[in-house]
Each structure stands twice: as C-alpha cells, then as structure tokens.
Amino acid sequence: MKNFKILLIALMAVVSVSSCMKNDDPTPGIDYEKERARIDSTLRAQKPIIAEWAQENFENPVYNDSLQMWYEVITPAIDESFEYVLSGYSFVPVRADVKYKGELLDGKVFDETTSTSEMTIGRGQWLQAFERAFWPKQVTIAGVDYFPGLTPKGLQKGQKIRFVAPSPWCYDNKEQKDKDGKVKIPANSPLVFTIEVSNLVRMN
C-alpha cells in the first residue's frame, strides 16, 4: 500500500475530537510489523465490503487507492484557491468551519453537528480518515511523491463531500461507547462521513 508507513505511524498517534471521537489510550511498545500485518489483513477483508457499499450508495463514487477510501463530491467548491502548505513532512494546521455527520454502514448516525463548528485540522485531534479527507491527494517532498489525502486539491471552501473509510483509519479494533456505556461504534467498523466546509484559514 502506498504511503503505508506514514499512515501507520500516524494511526498509532491518532486521537479524535468531540464526545464521540475521544481516544486517549497510549500505545507504548508497539510491534509495527505485527500491526502492519494485522491492518493489512483488515484492509483486505473490508475492501470489497466498502467498494460494494460505495457503488450502491454514492451517485458518482471515486476510489482513492492510497487510502483505500471511496468518496463522492456532493457540492462542488465555490472557491478553489485555498492552498495547503507543507512544513517538513506535515501540513501547516488549518482552522476549518464545517458541518459534519458520522454514520455506520447501516445508516446509523453516531455523531452530527447541528450548526457550523470551528475545528483545527492537522494537530492530531481527529480520526485519520477525517483528517486525510482535508489534505490534497498528492504532494512531493524532497523529490519523492507521497499520497496523504483524499481529493486532488484537498477540501475547499463551499465543498461538501461524503466518504467511506476502512476501520484502521477510524477507530480500528476498539469499540466506542456512549455516556451510558452502550456500544455505538462496534470494533472494526468502516465509517461514513459527510463534511461540508464553509471556510478555511491556514494557521501560523
């Protein structure tokens, strides 16, 4: 898988935001080869499931091979001038005004904003799948091509997309519970997100 090492390292550092996306568990002593084999196996198993779901539920599905994620553009951008800037091997964080919704493959909503929320993308506060949705698909660093993001230019102002991601880029093999202790996201669940961007500001 292209860019796997970068994705795997980022996955190990992942924490998510909001009441439904919190995950502060430390991950000391990780056997990265073992984790790679486990994640590879999960990705292979979920690939046909996600592909079938995307073909049935998206009007114009697009596949991103590097991330093994499918997406569709619901509303095109009204302004495509925003530029995601690299600093070393990562992007300069971005403040985004967004509305979003998270769902299971069966359509059950596990989180949703009722109004526009201000979020910081690029500081490890979000699920990998969510953050990768913002970054441009391809960048070149020191003459080497990397494939960190989902769409060609990255999310832009006015754009609304929907995407489905395999579980390793979401909560992986950890179930998520609500405040009453009930499981709302089972372990190893691919997730569907809808993101609508109203503004983007690059942070210093």
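The values are calculated or read from the model by the stated rules, or taken from the named source; none is laboratory data. All of these numbers come straight from a predicted model, not from anything done at the bench. Note: ideal-geometry Cβ built from the backbone for every residue, glycine included; neighbour counts use all protein chains shown. Side chains included, ligands, DNA and RNA excluded: accessible areas come from the protein's heavy atoms. Shrake-Rupley method; radii C 1.70, N 1.55, O 1.52, S 1.80 Å.
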Worksheet item: Just for the range 68-204, what percent of DSSP beta bridges are antiparallel, to the closest 5?
Response: 95 percent
Worksheet entry | Listed residues MET203, LEU191, ILE141: farthest to the positive end of the dipole of the range 141-204 (Cβ charges) | MET203
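Which whole-number value in Å² is the accessible area per residue of the chain, probe 1.4 Å?
Heavy-atom SASA per residue in the chain reads 51 Å².
Tell me the mean residue ellipticity at 222 nm calculated for the chain from its helices only (DSSP H runs of n ≥ 4, each -39500 (n - 2.57), averaged over every residue, nearest 500).
Values: 3 runs with 42 residues, N = 204.
Here the helix-only value at 222 nm equals -6500 deg cm²/dmol.
Carbon and sulfur atoms: what percent of the 1.4 Å accessible area of the range 36-164 do they account for? Could you put the intermediate results ahead of the total?
On the way: 2860 of 6270 Å².
Its accessible area is 46 percent carbon and sulfur atoms.
Longer than 18 Å from Cα to Cα, which of LYS99/LYS157; LYS101/LYS184; LYS99/LYS177; LYS101/LYS137 are they? Say none if no pair is.
Details: LYS99/LYS157 12 Å; LYS101/LYS184 14 Å; LYS99/LYS177 22 Å; LYS101/LYS137 22 Å.
Result: LYS99/LYS177; LYS101/LYS137 exceed 18 Å.
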Fill in: Environment charge at PHE58 (Cβ cut-off 14 Å; Lys +1, Arg +1, Asp -1, Glu -1)
-3
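What area, in nm² and to one decimal, does the C-alpha convex hull of the range 107-147 cast on average over all directions?
Numbers: hull surface 17.8 nm².
Projected over every direction and averaged, the Cα hull of the range 107-147 covers 4.4 nm².
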Worksheet item: Just one of (1) 114; (2) 138; (3) 128 is volume of the Cα convex hull per residue in Å³ as worked out from the coordinates here. Which one is it?
Response: (3)
Item to complete: Please list, in chain and number order, the residues 5+ apart from LYS184 or on another chain whose amide H is under 5 Å from its amide H, with Hs placed from the backbone.
Response: GLN176, LYS177, ASP178
Discussion item. I want to check the label-to-label distance for ARG36 and VAL109. Put each point 7 Å from Cα in the C-beta direction and report it in nm to one decimal.
Written reply: 4.1 nm
Response to the item:
Any residue on another chain or 5+ positions along whose placed amide H is under 5 Å from the amide H of GLN159 is listed here as ILE78, VAL197
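Subtracting the Cα-Cα distance from 0.36 nm times the residue separation, let me have the gained length for SER87 to GLN138 in nm, one decimal.
Numbers: separation 51, 0.36 × 51 = 18.36 nm, distance 1.50 nm.
Between SER87 and GLN138, full extension yields 16.9 nm more.
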Discussion item. Order 154-163, 100-109, 168-177 from most to least packed using the mean count of other Cβ atoms within 10 Å.
Written reply: 154-163, 168-177, 100-109
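Under a Cβ-Cβ cut-off of 10 Å, what is the net charge of the residues other than ASN188 that fall near it, where Lys and Arg count +1 and Asp and Glu count -1? Write out the running numbers ahead of the final one.
Working: positive: LYS174; negative: ASP172, GLU175.
Net of charged neighbours comes to -1.
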Item to complete: Could you order THR116, THR42 so the one with the most accessible surface comes first? Probe is 1.4 Å.
Response: THR116, THR42
